[in-house]
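**Student:** One structure, as structure tokens, below. Some questions next.
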Amino acid sequence: MKKLSLLLPFVAAQPAFAATGPFFSLWNTNFIVTIAFIIFVGIVLYAKVPSTLGKMLDKRATNIRSDLDEARKLRDEAQAVLASYERKSREVQGQADQIVAAAKRDAEAAAEKAKEDLKVSIERRLKAADEQIASAEAQALKEVKDRAVSVAVAAAGDVLAKQLSASDRAAMIDSSLSEVEQRLN
């Protein structure tokens, strides 16, 4: 079929109309060109150029097909890697969310503990302040009592000094000394 389709243009062109003189003459250029073309086509067919071209085209088609298959495989691998990275990204995001949630819980727990510690510290300080106030009150009462006693003793001493004579005072001192001596022994 291929060979017939190649001869069809030669028959349809009718080169005899283009030149002058008899067509089957070596002086007719159209006849020479037609013969040369037929010889050229014969050589091309004898050398199996169409089958060689077909093989080359088939080989190229096979190469293109294998390249396409390889490209599909690479695309599939790339999609698998992308899916893997997306899955890992989701896992990492989930872990990050868990870490943030744990950090929030820890911070809230630490804040609650700090509040409790602050309450305990405030209670301790209030208790210490109450104790200091009570101690200061007791000290003040003691000082007031001591002052009252010293004032009373001084007043009593003044009263006794005015009312007692020197011999009575000496006897009183001697009796007090003997009493202290008995208590110390």
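The values are calculated or read from the model by the stated rules, or taken from the named source; none is laboratory data. Keep in mind the model is a prediction, meaning the values are calculated, not measured. In this analysis, Cβ positions are derived from the backbone assuming ideal geometry, glycine residues included, and neighbour counts consider all displayed protein chains.
**Student:** Scan segment 21-29 and tell me whether some residue there is modelled with pLDDT under 85, touching a Leu at 6+ places or on another chain (Cβ under 9 Å) and surrounded by fewer than 11 Cβ atoms within 10 Å (Cβ to Cβ).
**Tutor:** no
**Student:** Taking Ala13, is it surrounded by 12 or more Cβ atoms within 10 Å (Cβ to Cβ), modelled with pLDDT under 95 and at negative phi? So that I can check it myself, show each step before the final result.
**Tutor:** On the way: surrounded by 12 or more Cβ atoms within 10 Å (Cβ to Cβ): yes; modelled with pLDDT under 95: yes; at negative phi: yes.
Criteria met by Ala13.
**Student:** Ok, one more. Report, by residue number, each residue of segment 80-102 that is small (Gly, Ala, Ser) and over 16 Å from the mean Cα position of the chain (by Cα). Give the steps one after another, and end with the answer.
**Tutor:** Quick first cut of segment 80-102, residues small (Gly, Ala, Ser) only: 80, 83-84, 89, 94, 96, 101-102.
Those that are small (Gly, Ala, Ser) and over 16 Å from the mean Cα position of the chain (by Cα): Ala80, Ala83, Ser84.
**Student:** For segment 139-185, name all the residues that are surrounded by 10 or more Cβ atoms within 10 Å (Cβ to Cβ) and either in contact with a helix residue (DSSP H, G or I) (Cβ under 6 Å, 6 or more places away or on another chain) or not in a helix (DSSP H, G or I) (or both).
**Tutor:** Listed by number, the list holds a single entry, Leu164.
**Student:** Restrict the check to segment 50-67 and report whether at least one residue is in contact with a Lys or Arg (Cβ under 7 Å, 6 or more places away or on another chain) and modelled with pLDDT under 95.
**Tutor:** So far as segment 50-67 goes, yes, one or more of its residues are in contact with a Lys or Arg (Cβ under 7 Å, 6 or more places away or on another chain) and modelled with pLDDT under 95.
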